[in-house]
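Bear in mind these aren't lab numbers, they're just calculated from the coordinates by the rules spelled out. The structure presented is a predicted model; accordingly, all values stated were derived computationally and were not measured. Here the Cβ positions follow ideal geometry from the backbone for every residue, glycine too, while neighbour counts run over all protein chains shown.
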Amino acid sequence: MDYQCVIVYTVISPSTTVAPSFRLQLESTISRPTPPGCISWIKSWIKRAVAAYLRALNLSPNNAVVHGNLACVYYEQGLIDLAIDTYRRAIELQPNFPDAYCNLANALKEKGQVVEAEECYNTALRLCPTHADSLNNLANIKREQGYIEEATRLYLKALEVFPEFAAAHSNLASVLQQQGKLNEALMHYKEAIRIQPTFADAYSNMGNTLKEMQDIQGALQCYTRAIQINPAFADAHSNLASIHKDSGNIPEAIQSYRTALKLKPDFPDAYCNLAHCLQIVCDWTDYEARMKKLVSIVAEQLDKNRLPSVHPHHSMLYPLSHEFRKAIAARHANLCIEKIHVLHKQPYKYPREIGSRLKIGYVSSDFGNHPTSHLMQSIPGLHEKNNVEIFCYALSVDDGTAFRAKIAREAEHFIDLSQIPCNGKAADRINADGIHILVNMNGYTKGARNEIFALRPAPVQVMWLGYPGTSGASFMDYLITDEVTSPLELANQYSEKLAYMPHTYFIGDHRQMFPHLKERLILTDKLNSKGKVADNVAVINATDLSPMMESTLIKEIREVIVPDSKKPLEISLKVAELPTTTPIETMIASGQCQMSVNGVVVQNGMATTQVNNKTATGEEVPQNIVITTRQQYGLPEDAVVYCNFNQLYKIDPLTLHMWAHILKHVPNSVLWLLRFPAVGEPNLQATAQQLGLAPGRILFSNVAAKEEHVRRGQLADVCLDTPLCNGHTTSMDVLWTGTPVVTLPGETLASRVAASQLNTLGAPELVARTRQEYQDIAVRLGTDREFLKGIRAKVWKARSESPLFNCKMYAHGMEMLYHRMWERYALGEKPDHVAAIEKSENQNQMSD
């Protein structure tokens, strides 16, 4: 879990109802002011308390209250077995002693004897039905068993008996939060703190609620206050770390997680979240030991049926088995099922007939400026309206971007479910719309509301695009994928049945978003060209290049090469030859936004954000002529430039070892990475130098806005994919600029996407089968200029001719798949693996 919610069990403190003859003696012995922060004083206090109670028992051996109080001191010391024996003696002496039963139950619970603990709480309540502590503590057990409604009833009963019961307010609030009733939860946390202003647990839990309400500053203040009250509060340190992590303050997160682990060494959530932070910044200190411990933590948690500390979305990064990854996802899916039980909704009724059209519902929190929308924003509008009726259900508020507006405009129906926070009511709306096939585009990513799918408002429910793995959920029927990404021999790693698209399941809207990258002019000068022209040192792009072509000397360089396929391939480059490129170099060096070249205004490609923010984000197509050069990014003009523009968490030690091998075997080569995040750069540079790479062989650039991010991919010679978790959107971005990608598929979905993209592009020769082959392909591309030219020309041409970026063809493939799914349902058949085009059909089409 990302944050820790503390459930408070209350212990009834040592009573003052001891015999008057030795009450004063006890008080003088154990009631002394506490010097702040003095652990040794506390230890001596406990010793004196034990001694005082033992003396009291010498005077009155059969005093049940003194036995109960002594047991409390043992409990606080962690002497649980001794505490249990002493509580039992108190009960033996006074069978109608509800306080002793309650405290005995706490000790039994601590030992894992939950059934016995529950019996003791119930006994206490039989003796005293208004015993508030027993009501609260029994509620905690019910909550942990998943009986949320019973837990809520008991908390409310405790508060009815004792309205000023701070722990019960805090515990009730945490249950309300779990049900999504955040405002009610907040009210009870505030009440708990009003009653007990130094209630650190309540502050920490309230921080969790505020975080869920997107009040990050409020959450930060709560966690900080909890730590001020109790500096040794490990859970609060872990929660503070999660805020730093989500805000991108990774060094601060690492520090807070380490503090939490110092305070509580056996803290699986903090350990696994720390491991993920270290992965984000490529800190591979003790990497093998860390991976081993992480796997053992998950194994133990799954064995004990606990929610694993590794998030489903992170599981692909670690050496876990497919069964473990699926089980992690399944536990999270079960959480969703538990949350909806309290709604007591009857199963929905569905249509068996579809009428004239299938109703498809796309559900996503990412309809806006998000990579998912960058990929699929055209799909809703490209569906055949005679065939399907499209509903888009937004889980997030309108961000005011063109991406949101386009989807809202082009879908037949656009419904903003962010205005319906209740999952039950949201599911009612979807069911009322008569949706036949409901599509989950989030999985376990930020903003997901899988509880809606757990309610099953539609008869067929499908995973698609936004989450690269299995849901592990009984309520998801299909996962849209393809034969390369998810071959049938790996089907056991998915809980869903596989639904195969005709080509890759991945899609990109690049043809519509970045049409200015369809064509290019190569920029050179007469003085330095020396007959050799590189296609990726200085490039000019525009939707209309004619003004530049009419005002500048344009040469067309044609060359025929024979690649490995033995089929001759003609390469054609349009080159704008200037007398000198010095003015352009000066513009770039000085940071000017634009300049005039032969009377034509040319924009500095690094100034897009300053010129037009909508263009920078990809919401609008650039209308200017834009120049992109290696000089802008400090890349050597004469070097072989390998690149990878993924977030750095996708790099692991094995990948960097392969990259170092490639650079060592390709003279005058560099690797171009992103500061994604910046704190990862020094770690990677240090490791690279340990592997024998000289400084300057790995170059870093800042993260850029979407349009520049895509456009600058033209400057690289080759993209080296990350095998652990491929570049998904990033690979599409790079391929759209004509830069080839070398990949090495593993077995997980996330590690096979680039292979699927390259197969659809028609470049399977870039898909390696082994680490050695990955290195060999990359080295050959860097040392065999003819081979590199041929591959680059092939990728450049295939962008437009292959199905990879063809959104209309993709939408049609989805419709075929949806009909296959519905046919099975309409016939009363259970979901099974389906394909848009069955193999027999495909063979017939090929023979035709």
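Of note:
- Spatially proximal lysines relative to Lys190 (Cα-Cα < 20 Å; intrachain offsets below 8 disregarded): Lys157, Lys181, Lys211
- Magnitude of the charge dipole, region 315-374, Cβ model with Lys/Arg +1 and Asp/Glu -1, debye to 20: 240
- With Cα atoms as the point set, region 358-508 shows a radius of gyration and Dmax of 14.6, 44 Å.
- Neighbour counts of other Cβ atoms within 10 Å put Asp544, Asp652, Asp201 in the fewest-to-most order Asp544, Asp652, Asp201.
- Degrees, to the nearest 10: 98-110 long Cα axis against longest axis of the chain: 40
- The charge dipole of the chain, taken about its Cα centre with unit charges on the Cβ atoms of Lys, Arg (+1), Asp and Glu (-1) only, comes to about 960 debye.
- Estimated purely from DSSP H runs of n ≥ 4, each contributing -39500 (n - 2.57), the mean residue ellipticity at 222 nm for the chain is -15000 deg cm²/dmol once divided by its residues.
- By average C-beta atoms within 10 angstrom, highest first, the peptides 672-684, 288-300: 672-684, 288-300
- Each Lys and Arg adds +1 at its Cβ and each Asp and Glu adds -1 at its Cβ; summed about the Cα centre, region 640-805 shows a dipole of about 200 debye.
- If you take the alpha carbon atoms of region 516-650 and fit the smallest convex hull around them, that volume is 159 Å³ per residue.
- Least to most buried among Tyr223, Tyr318, Tyr287, Tyr478 (fewest other Cβ within 10 Å first): Tyr287, Tyr318, Tyr478, Tyr223
- Remark: the Asn668-Cys593 segment gains 23.9 nm on full extension, using 0.36 nm per residue and subtracting the alpha carbon distance.
- Under-5 Å amide H pairs with Cys392, H placed in peptide plane, nonlocal only: Tyr362, His413, Phe414, Ile415
- Under the Debye formula (equal points on every Cα, no solvent term), log10 I(q)/I(0) of region 616-688 at q = 0.15, 0.18, 0.26 Å⁻¹: -0.66, -0.86, -1.30
- Antiparallel %, DSSP beta bridges [both residues in the chain], to 5: 30
- Close amide H contacts of Leu438 (hydrogens built in the peptide plane, cut-off under 5 Å, sequence separation of 5 or more or a different chain): Gly361, Val460, Gln461, Val462.
- The chain: angle of helix 268-280 to the longest principal axis, Cα-based, in degrees nearest 10: 20
- Qualifying lysines (Cα of each under 19 Å from Cα of Lys359; at least 8 residues distant if same chain): Lys349, Lys385, Lys808
- Across the options Pro831, Ile625, His169, the greatest Cα extent toward the positive end of the charge dipole of the chain (unit charges at beta carbon of Lys, Arg, Asp, Glu) belongs to His169.
- With respect to the chain, whose longest principal axis is taken over its alpha-carbon atoms, helix 771-783 is tilted by about 40°.
- Under 16 Å of direct C-alpha separation, and excluding same-chain neighbours fewer than eight residues apart, Lys518 reaches these lysines: Lys574, Lys794, Lys797.
- The value obtained for the chain, namely the Cα convex hull volume divided by the number of residues, is 184 Å³ per residue.
- Charge context of Thr615, other residues only, Cβ under 12 angstrom, K/R +1, D/E -1: -1
- Sorting His709, His657 from the fewest to the most surrounding beta carbons within 10 angstrom yields His657, His709.
- Taking all Cα pairs closer than 8 Å and separated by 6 or more residues, the relative contact order of region 640-805 comes to 23 percent.
- Computed over region 470-540, the P(r) tail beyond 14 angstrom holds 72 percent of alpha carbon pairs.
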